[in-house]
1. Rank-order 14-21, 182-189 by packing density, defined as the average count of other C-beta atoms within 10 Å over each peptide's residues, highest first.
2. For the chain, what's the relative contact order in percent, using C-alpha pairs closer than 8 Å and at least 6 residues apart?
3. So what is the orientation-averaged projected area of the chain, using the convex hull of its C-alpha atoms, in nm²?
4. Please report the accessible area of Val104 (heavy atoms, 1.4 Å probe, ligands and nucleic acids excluded) in Å², nearest 10.
5. So, for the stretch 11-215, what is the accessible surface per residue at a probe of 1.4 Å, expressed in square angstrom?
6. What is the Å³ per residue value for the convex hull set by the Cα atoms of the stretch 124-179?
7. Can you give me the C-alpha center-to-center distance between the stretch 164-192 and the stretch 17-67, rounded to a whole angstrom?
8. Can you give the FRET efficiency for Thr105 and Leu162, using 1/(1 + (r/R0)^6), R0 = 41 Å, r = Cβ-Cβ distance, to the nearest 0.05?
Amino acid sequence: MTSSTSDPTPDQAIRQRSVEKYRKRAEGYDDTCGPTWSIRERTVAALALEPGHTVLDVACGTGLSLSLLRDRVGPAGRVYGFDHSPEMLEQARARVAAAGWQNVTVFATAAHALTLPEEVDALFFHYTHDILRSPAAVERIVAVAKPGARVAIAGIKYFRGLLAPLNAWVYLKNYGYNGAPGELRSPWDRIAPHLVDFRIEPTQFGMGYIASGRLAGATGEP
Ligand SMILES: C[S@@+](CC[C@H](N)C(=O)[O-])C[C@H]1O[C@@H](n2cnc3c(N)ncnc32)[C@H](O)[C@@H]1O
């Protein structure tokens, strides 16, 4: 797996802000994830993984999703996870080592420079807003998956309708976790054009979403 040092602008500045934020946030990160645990489980379920599948945990952070993904693909499958935060990844590595999983690999890279040793059957995005807003990152990630690969995405978005006056608070909430905290109206709109059977389900009264679909290009599809 390789990682390029050339970083397209403005992604470089966004990534620097993200790495700085997670340097401070990594230690207490897992303690903040309890309230969204059921969303994590539902997003994993939306992938409809089967034993033997390969799945990429995009920006795996501390590795909180690894056990859920690994349970689904079983010992014959494979889980890859990457992240650009050394502090978050250190925890993911410790998690893999403690569990003794031989078929789970986590590694450091920026999303736009990602390479994998094989194409995967599924892409899992759980609270990966900066990556979804980066065209270079989205292009690279879809390029490492098989045509027809399952994709599931969870994240934060702006409220619509009556609760829209609360969106300044939603922005501030997202600010703490992202280098590019805005563009919360349709955070999925850079990856959606790559997908067929695309669905979005609101979560948290409309402040969150779970989206799913499949990469286009499977046999018999456009
Ligand atoms: C909100 S955390 C989510 C972590 C994990 N997916 C989870 O659900 O717990 C966002 C993660 O994205 C990572 N990240 C943000 N931009 C990235 C990029 N361009 N390349 C790699 N990792 C990135 C951050 O380091 C952070 O670990």
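1. 14-21, 182-189
2. 21 percent
3. So the Cα hull casts an average projection of 11.8 nm².
4. Val104 has an accessible surface of roughly 10 Å² with all protein chains in place.
5. Result: 44 Å² of accessible area for each residue.
6. With only Cα atoms used, the stretch 124-179 gives 98 Å³ per residue.
7. One Cα centre to the other: 18 Å.
8. So, using R0 = 41 Å, E works out to roughly 0.35.
The values are calculated or read from the model by the stated rules, or taken from the named source; none is laboratory data. All values derive from a computational prediction rather than experimental measurement. Glycine also receives a Cβ, built like all others from the backbone with ideal geometry; neighbour counts cover every protein chain displayed. Protein only, heavy atoms only, side chains kept; ligands, DNA and RNA dropped before computing areas. Shrake-Rupley method; radii C 1.70, N 1.55, O 1.52, S 1.80 Å.
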